[in-house]
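Encoded as structure tokens, the structure appears first; notes follow it.
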Amino acid sequence: MLAFGVVGGTLADRYDRRTILQLSTVGHAVAATGLTVQAALGNTSPWPVLGLIAAGTAAAALGSPARRTLPARLLPRHQVAAGLALSNLSFQASLLVGPAIGGLLVAASLPAGYAAQAAMIPIALAAALRLPKLPPDRTPGTKVHRGGWTLPWRQPVLRGALLTDLATTALSMPVAIFPMINALRFDNDPRTLGLFLSAIALGGISAGLVSGAVTRLRRWGLVQLVCSIGWGLALAGFGLSTSAAVALCFLVLAGVADTVGVVARGTLVQLVTPDGLRGRVSAVDHVIGVAGPEVGNMRGGILAAAVGAPAALVIGGLSAALAAMAISATHPQVRAYDNDAAHDEEAEHGLQDRRDHDGKVLSER
């Protein structure tokens, strides 16, 4: 995910993004077919399975930066947030439905579980084949701009948005602590443990279903900061809860904050970044999205072992909320970002650039 995501970012700023998506989908299909075949042949060694999973993940990561650039290229500016909200809604739904279907299929037959994935990938490939050509938007014949990898750290709005996401996930990701809380407070009931993750997904789906009100907002940076604070406080509330019903309500609230925050960050990152640099900036966003939760889960497990699971959740949640407040204070450009004002400014710059170009041509004549 990390290594090939970076490679995919470079490719997305050099070549047609439609082609990259098609090739990455084919690679994923090959890996899924291999998993099905090895299960059907009765393989008992873990190494072919791990190798094929790594290959499929690498293929998906290779296409991830190109895929992230699609809403900003295919949709009008005012509909980019709606496109990202719809994409996130489908992701949250897959978290609820996918494991349930997978469990039923594997219970019937292990090869059937793998084959279901292989059977679904052609649908994704058919969708990729219907995309228009999507070369990076730059003047033909010009070289790839070399500032793509450093832009997120040079541009205050991008830096603040990405740091907020990194701090939120690295400081407060709770999934590794769920089994400890379940054992400590809810008699290690597997049904309760399963409901923890389902509650977050339920909150995400609920936010997605009413996302029309959210996607009409203009202050995306402020929305992300508020959602990060809300996520942290909800997890702290979950850590203090001794009632299963109250704990699940806090996780639903966390899921709502997470979904709205993800849509806000994605919209901000895609709209602020020039198209010729979106592949590499999307790769940075992808790496943070992959690494942040893993670091956060490791931190959560270590802290829970030291101070106990409830305290680790409270400390993590409050730390994430305080980090978002600190980023808001040090990056006022993030909370002040106004999508409509930025669009008007870009349009004015584009008009002025056109006037300058026309004036230069006229003087040369």
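General remarks:
- Computed over Cα pairs, the Kirkwood radius of segment 151-349 leads via Stokes-Einstein (1.306 mPa s, 10 °C) to a diffusion coefficient of 92 µm² per second.
- Each label point was placed 7 Å from the Cα along the Cα-to-Cβ direction; for Met298 and Tyr15 their separation is 3.2 nm.
- Estimated FRET transfer efficiency when R0 is 35 angstrom, pair Leu129-Gln333 (beta carbons, to 0.05): 0.30
- Descending by average beta-carbon neighbour count within 10 Å, the peptides 228-236, 36-44, 191-199 line up as 228-236, 191-199, 36-44, the highest first.
- The spacing between segment 180-229 and segment 1-52, judged by their C-alpha centroids, is 30 Å.
- Size descriptor, Kirkwood hydrodynamic radius, that averages inverse alpha-carbon separations across segment 50-97, Å: 12.4
- Most to least packed among 247-259, 16-28, 319-331 [average Cβ atoms within 10 Å]: 247-259, 16-28, 319-331
- Taking N as its residue count, the alpha carbon Rg of segment 2-129 over 2.2 N^0.38 Å: 1.17
- Distance distribution note for segment 194-307: the fraction of Cα pairs above 20 angstrom is 50%.
- Its Cα gyration tensor gives segment 241-319 an equivalent ellipsoid, and the semi-axes of that ellipsoid, as √(5λ) in whole Å with the largest first, are 32, 17, 8.
- Alpha-carbon centroids, segment 272-299 and segment 238-268: separation in whole Å: 21
- Here the label points at Val175 and His78, each 7 Å from Cα along the C-beta direction, are separated by 3.8 nm in the simple model.
- For the listed peptides 58-64, 307-313, a ranking on the average number of other beta carbons within 10 Å per residue, highest first, reads 58-64, 307-313.
- Förster radius 51 Å - calculated FRET efficiency between Ser109 and Trp153, Cβ distance, rounded to 0.05: 0.55
- Cβ-Cβ FRET estimate between Asp137 and Arg218, R0 fixed at 25 Å, reported to 0.05: 0.55
- Note on Val246 and Val210: the extension gain reaches 10.7 nm, defined as 0.36 nm multiplied by sequence separation minus the Cα-Cα distance.
Coordinate-derived values only; no laboratory data. Computed from a predicted structure; not experimentally measured. Neighbour counts run over all protein chains shown; Cβ positions are idealised from the backbone, glycine included.
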